[in-house]
Amino acid sequence: MPRILIAAISAATLMLFLGPRFIQWLRDNEVGQFIRPPGEIPDAHAQKQGTPTMGGLLILFAMAVPFVILSSRSTEAMLVLFVTLACGAIGFLDDFMKIVRKRSLGLSGRLRILGLLVVSAVLTVVGVRVIGLPTSLDLGAFGIHHQVPLGPYVYYVVVALVVTGAANGVNLTDGLDGLAGGTCAVALLAYTGIAFAGNRLDLAIFGACMVGACVGFLWFNSFPASVFMGDTGSYALGGAIAAMAVMTRTELLLGVIGLVFVLEALSVLIQVLVFKHFKRRVFLMAPVHHHFEMAAWSETKIIVRFWLISLLCGAVGFTLYFRYLQG
């Protein structure tokens, strides 16, 4: 337990210490956010044009340093670190291309998905062949003491869905100041508790480092934000959450712990499908946090309420897992 707490405190402290210098460097080099055209986001977001972005790089650095020092660098924990950094690299390429092109369009969606599928393949192969993960789904957290055998190929499809879903879900959630950072901190806190309860110390240390880095980042990213995490951060955080779910064999439980991300992604899917077939909109604007903005909710009100929902979901998810261990 002390090392887990030290890991979180160290990551947060490192973030708070380096944050102002890194943000100033981003400003000096004109690494700013490019806002999507009017109609795709609420008009109020136009004032955020030029805000320093790619703060995800600092999140990754603040997490990685204490993790490498404090952990025993077990294979499973290093695999989770790899997935996090690899997903962050995909997001970095997207951010970099936006900055070079000076527009809101970066890496194509197909290339991002392809990159996430490759990361999923590495996670599956190393997880199954090296670490020895069973290729099955464990339903124990839901009170069903049964494992659904999948086989290696179907299991890869499940892992790919988890990784791509989490990365894109967090990316879609990252639309308001502090929204993605806060909800990810809660989800990772739940997975830190799950790893600790399952005696997976290195995974717990990794989760604690991620939580500390997210909390430290919120100091600069809370409304009104002085820096954005960019796709570098959102993809890395989504990858970290997905990898933690796979390593702890709680892929299905991720739907509870990360319910906010699921709802954000579903709102976009529903909006697109309904408009395509019926030429009508279900939401005033998607993702769903923009719907509430268009309904005249303040940005702070939306963020805090989504945080509270995330806290409730994280608590429910951890409770389900803890009851499963006790049973």
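At a glance:
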| read-out | value |
| --- | --- |
| Any hit, the range 115-127, residues being small (G, A, S), within 15 Å of V83 (Cα to Cα) and touching a helix residue (DSSP H, G or I) at 6+ places or on another chain (Cβ under 6 Å) | yes |
| Residue tally, condition touching a Lys or Arg at 6+ places or on another chain (Cβ under 9 Å) and not in a helix (DSSP H, G or I), over the range 72-114 | 5 |
| The range 91-125: number of residues that are farther than 15 Å from A242 by Cα, surrounded by 17 or more Cβ atoms within 10 Å (Cβ to Cβ) and of a type in the set (A, V, I, L, M) | 3 |
| Residues that are part of a helix (DSSP H, G or I) and either without any contact (Cβ under 8 Å) to a residue 12 or more places away in the chain or surrounded by fewer than 15 Cβ atoms within 10 Å (Cβ to Cβ) (or both), drawn from the range 267-293 | L269, V272, L273, V274, F275, K276, H277, F278, F292 |
| Residues within the range 295-327 that are surrounded by 14 or more Cβ atoms within 10 Å (Cβ to Cβ) and touching a residue at least 40 places away in the same chain (Cβ under 8 Å), tallied | 19 |
| Residue selected from the range 224-260 under the condition assigned to a helix (DSSP H, G or I) and among the polar types (S, T, N, Q), by the criterion surrounded by the fewest Cβ atoms within 10 Å (Cβ to Cβ) | T232 |
| Any hit, the range 169-182, residues being surrounded by 14 or more Cβ atoms within 10 Å (Cβ to Cβ), under 30 Å from M294 (Cα atoms) and in contact with a strand residue (DSSP E or B) (Cβ under 8 Å, 6 or more places away or on another chain) | yes |
| Among the candidates L325, L263, residue that is in a helix (DSSP H, G or I), at pLDDT 95 or above and among the aliphatic types (A, V, I, L, M) | L263 |
| Failed condition for I69, given (1) of a type in the set (V, I, T); (2) at pLDDT below 70; (3) part of a helix (DSSP H, G or I) | (2) |
| Test: residue in the range 296-308 that is aliphatic (A, V, I, L, M), more than 27 Å from A89 (Cβ to Cβ) and at pLDDT below 95 | yes |
| Residues located in the range 289-327, provided they are more than 16 Å from L253 (Cα to Cα) and polar (S, T, N, Q) | S298, T300, Q326 |
| Conditions (1) buried (at least 24 other Cβ atoms within 10 Å of the Cβ); (2) free of Cβ contacts under 8 Å to residues at least 12 places away in the same chain; number of the one not met by I205 | (2) |
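Yes or no, residue by residue, for (1) β-branched (V, I, T); (2) within 22 Å of the chain's Cα centre (by Cα):
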| site | (1), (2) |
| --- | --- |
| V272 | yes, no |
| K276 | no, no |
| R280 | no, no |
| V288 | yes, yes |
| W297 | no, no |
| V316 | yes, yes |
| L320 | no, yes |
| R323 | no, no |
| Q326 | no, no |
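The values are calculated or read from the model by the stated rules, or taken from the named source; none is laboratory data. As the structure is a computational prediction, the values presented were derived from the model and not from experiment. No Cβ is skipped: glycine too gets one built from the backbone with ideal geometry, and neighbour counts run over all protein chains shown.
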